[in-house]
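The values are calculated or read from the model by the stated rules, or taken from the named source; none is laboratory data. Source: prediction; values computed, not measured. Virtual Cβ from ideal backbone geometry, glycine too; neighbours counted across all protein chains shown.
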């Protein structure tokens, strides 16, 4: 074997080396359809909102049964977070009451969080219709939607939240 | 000059109200004060042969526990918002009873939003999907096949020290006030390795990380951080991550606010824009003096605390004490810590104990001669970016005191004539 040939073989071997050492691939391919049941994140565009619908009128009973014990009868006065009121309390010098109505920038966040995390003792137990309805009820308590407005995958992302423009990026963001 | 002082057993002052030169810690000049107490009494009373020296000790244990005499070294758990709401809240590290830079795993602070899930690792799956070439699912066995890295890193809850936003100083101890800070050696797989295997789409800028707890706590994280130093952790201080810290797998984002270090990690979705989860909108945003709020405040900025003396550990006699504490920065490493015993009127540099690591707490020490009178102890850290820990007034001037999160201003312990320490504003 000539020196050139030998060098050539060594070069080929080195060229193969990275592909050999990078073969640490232990993730199991999974189809988007199989991931779908786990994909419970709802972004502001609402693209992943499920079918279903509900109104505040329908949500009142859901709220009374599953939410009021911790969040109070009308979204205030319970041991857990205040959900309603607080408009105007973010003003300079005031003690803020950061509620869905006064502070939350996106209505999609409400659906996302209620569905994944509420009620506290039985998260993920509500139907999508119940989540739409109770979201509508909480928004209605804040005067944001009407009692008979239908919330669904199309209408929820279009709900205009009062504090939508209340957030700014941190000035010392290293990214 | 210094040599002569040292010979006389006197330590060199470095700042007001008894702060001594840090050289004192190495020169033994404190011996004169320490040796003034003379032992007395019959030899058998002074140095008795104890019963445990006259019989064999206990046998071996499969998992060791602290001495039974250390049963007061416990986390502090504030009451839940309502009796049924266990699992919403915190358990806070007793920083004043620890030393060094590592927090024992059983004393690492806990913060959870829906309790601690009881996860069987064989049933647990981590999924990466969204803007990727190939969605992937990982078992714990699969994660263990990858090359691993270890790093020592602090995790600090964004709400740590939040009580210092209150108009009046709260009469609480260091665990209740500042105990949402802990440090471990974390070991795991680089998140970048797993993301590269899935093949990240060029349009991706963020990901959302989600836990397998009841609340499925989720946070949007910049892709740049994920590709930089994010670690998918399987081990904490050498053993598998504790359940309260995310067993069997948690995300570590060194330097970022604790809430983004998602525990019980089950899903990472690669996306173009933030998902705007509940915890990055209604919580973990900083309401400023006006109606605006900072959003996506990730790094915990430069901060330090004196952990000893501190409330609950009274000074017993005048004389020499070592002031000891922790300093850390989510933006880099600690360059300098200064200490003051006169409420910030004068400062002297503390000794920084090795190792000094980026995004890890540094143990600092400074010698102090307590004259028995009132004192206000403070520490002030400077990090490798040049950022200096602000005074409470400067902190409030920038953002007000309505923000709850990311409180990093200089903290103060007032020492009274009895040697008791209390939280004050100075």
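Summary table below
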quantity: Criterion (surrounded by fewer than 23 Cβ atoms within 10 Å (Cβ to Cβ) and touching a helix residue (DSSP H, G or I) at 6+ places or on another chain (Cβ under 6 Å)) met by exactly one of B:319, B:332; calculated: B:319
quantity: Yes/no for residue A:52 being away from chain B (no Cβ under 14 Å), touching a helix residue (DSSP H, G or I) at 6+ places or on another chain (Cβ under 6 Å), surrounded by fewer than 17 Cβ atoms within 10 Å (Cβ to Cβ) and farther than 26 Å from residue B:89 by Cα; calculated: yes
quantity: Considering residues of the stretch A:156-169 that are crowded, with 17+ Cβ neighbours inside 10 Å and touching a strand residue (DSSP E or B) at 6+ places or on another chain (Cβ under 8 Å) only, the residue farthest from the other protein chains (Cβ to nearest Cβ); calculated: A:159
quantity: Tally, over the stretch B:178-218, of residues that are under 21 Å from the mean Cα position of the chain (by Cα) and either surrounded by 23 or more Cβ atoms within 10 Å (Cβ to Cβ) or not assigned by TED's automatic domain parsing to the domain that holds residue B:248 (or both); calculated: 9
quantity: Some residue of the stretch B:210-227 being assigned to a helix (DSSP H, G or I), facing chain A (nearest Cβ under 10 Å) and either at pLDDT below 95 or under 17 Å from residue B:154 (Cα atoms) (or both); calculated: yes
quantity: Top-ranked residue of the stretch B:260-288 - restricted to ones that are facing chain A (nearest Cβ under 7 Å) and under 13 Å from residue B:113 (Cβ atoms), ranked as surrounded by the most Cβ atoms within 10 Å (Cβ to Cβ); calculated: B:277
quantity: Qualifying positions in the stretch B:394-415 - within 28 Å of residue B:281 (Cβ to Cβ) and in a loop (DSSP other than H, G, I, E, B); calculated: B:400, B:401, B:402, B:403, B:404, B:405, B:406, B:407, B:408, B:409
quantity: Residue B:339 vs. criteria crowded, with 19+ Cβ neighbours inside 10 Å and either under 20 Å from residue B:14 (Cα atoms) or outside the structural domain of residue B:388 (by TED's automatic domain parsing) (or both); calculated: yes
quantity: Verdict on residue B:308 being at pLDDT 95 or above, under 30 Å from residue B:229 (Cβ atoms) and surrounded by 18 or more Cβ atoms within 10 Å (Cβ to Cβ); calculated: no
quantity: Hits in the stretch A:70-84 - residues which are buried (at least 23 other Cβ atoms within 10 Å of the Cβ) and on the phi > 0 side of the Ramachandran plot; calculated: A:75
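Residues checked against (1) surrounded by 16 or more Cβ atoms within 10 Å (Cβ to Cβ); (2) at pLDDT below 95; (3) in a helix (DSSP H, G or I):
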position: A:86; (1), (2), (3): yes, no, no
position: A:90; (1), (2), (3): yes, no, no
position: A:97; (1), (2), (3): yes, no, no
position: A:109; (1), (2), (3): yes, no, yes
position: A:116; (1), (2), (3): yes, no, yes
position: A:126; (1), (2), (3): yes, no, no
position: A:135; (1), (2), (3): yes, no, yes
position: A:145; (1), (2), (3): yes, no, no
position: A:148; (1), (2), (3): no, no, no
